[in-house]
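J.: Here you go, one structure.
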Amino acid sequence: MTEESRLITIFQKPLNQAALVVGIMIVFSLIDKAMPHQYELLEVNSGTWIIGTAMIFCFIILNAIVAFRTDIILPYWSKSISLFIGLLVVTYAWCYLLSGKHIDDAGGFSWLWIVLTMSYLVFFVIARSMKRIVDLANDQDKKLRGEE
């Protein structure tokens, strides 16, 4: 069996995934804050909210993909949910600090966050269901081959 790469073992923990997302969010939002903007398309100071929402979505995707590789899902799921809530709080505080606007004043981001939260739960259920189906198929295959 091949040895897992160091990068894969690092990002199997939900805390490391959340730390990566928060770090990228801070860097990108500071770059966005330093750049000049034309405010014809978006509301003033909504760039940090866009970046924060995109990073929440990245956490959702990364977390759901890693859930496929996890054998014991309950501890991973409980840590992921609590870190997701923490990520929402940190993102809200960071975006409010940089933009000076609440989420309702920046546009329709509150609805996006609700949709992302629901999609996170759906992604997690889909990932877990697919893993369970694949495990059942592997068990059946082993029984048919006489390995068990």
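Only the coordinates and a few stated rules stand behind these numbers; no lab work does. Predicted model only: the values in this text are computed from it and were never measured. So basically every Cβ, Gly included, is an ideal-geometry build from the backbone, and we count neighbours across all protein chains shown.
J.: Count the lysine pairs in the chain that are 8 or more places apart or on different chains: how many have C-alpha atoms under 25 angstrom apart? List each step's numbers first, then the result.
T.: On the way: Lys13/Lys79; Lys13/Lys131; Lys33/Lys101; Lys79/Lys131; Lys131/Lys142; Lys131/Lys143.
For the chain, qualifying lysine pairs total 6.
J.: At a 10 Å Cβ-Cβ cut-off, how would you order Val125, Val21, fewest neighbours first? All intermediate terms of the calculation are to be shown ahead of the outcome.
T.: On the way: Val125 12, Val21 24.
With the sparsest Cβ surroundings first, the list reads Val125, Val21.
J.: What whole-number value in cubic angstrom gives the convex hull volume per residue for the C-alpha atoms of segment 58-141?
T.: Values: hull volume 6.6 nm³, N = 84.
Spread over its residues, the Cα hull of segment 58-141 gives 79 Å³ apiece.
J.: Just how far, in whole angstrom, is segment 49-96 from segment 100-148 if you go by their alpha carbon centroids?
T.: Result: 12 Å between the Cα centres.
J.: Kindly rank 28-34, 14-20, 106-112, 69-75 from highest to lowest mean number of other beta carbons found within 10 Å of each residue. Could the numbers behind the result be given before it?
T.: Working: 28-34: 14.3, 14-20: 18.1, 106-112: 16.3, 69-75: 11.0.
Taking the mean over residues of other Cβ atoms within 10 Å, the ranking is 14-20, 106-112, 28-34, 69-75.
J.: Among Leu98, Leu136, Leu62, which one shows the biggest mean-square fluctuation in a GNM of the chain, springs joining Cα atoms closer than 10 Å?
T.: Result for the chain, Cα springs under 10 Å: Leu136 fluctuates most.
J.: Right, here's the next one. Tilt of helix 47-69 relative to the longest C-alpha principal axis of the chain, in degrees (0 to 90, nearest 10)?
T.: 0 degrees
J.: Suppose a student asked you for the relative contact order of the chain, using Cα pairs under 8 Å spaced at least 6 residues apart; what percent would you report? Intermediate results must be reported in sequence, preceding the final value.
T.: Numbers: 98 pairs, mean separation 44.2, N = 148.
Dividing the mean separation by the residue count of the chain yields 30 percent.
J.: Between helix 73-99 and the chain, what is the angle of the helix's C-alpha long axis to the longest principal axis, kept within 0 to 90° and rounded to the nearest 10?
T.: Long axis of 73-99 versus the principal axis of the chain: about 10 degrees.
J.: Compute the acute angle (0 to 90°) between the alpha-carbon long axis of helix 109-145 and the principal axis of greatest extent of the alpha-carbon atoms of the chain; round to the nearest 10°.
T.: Helix 109-145 sits roughly 10 degrees off the main axis of the chain.
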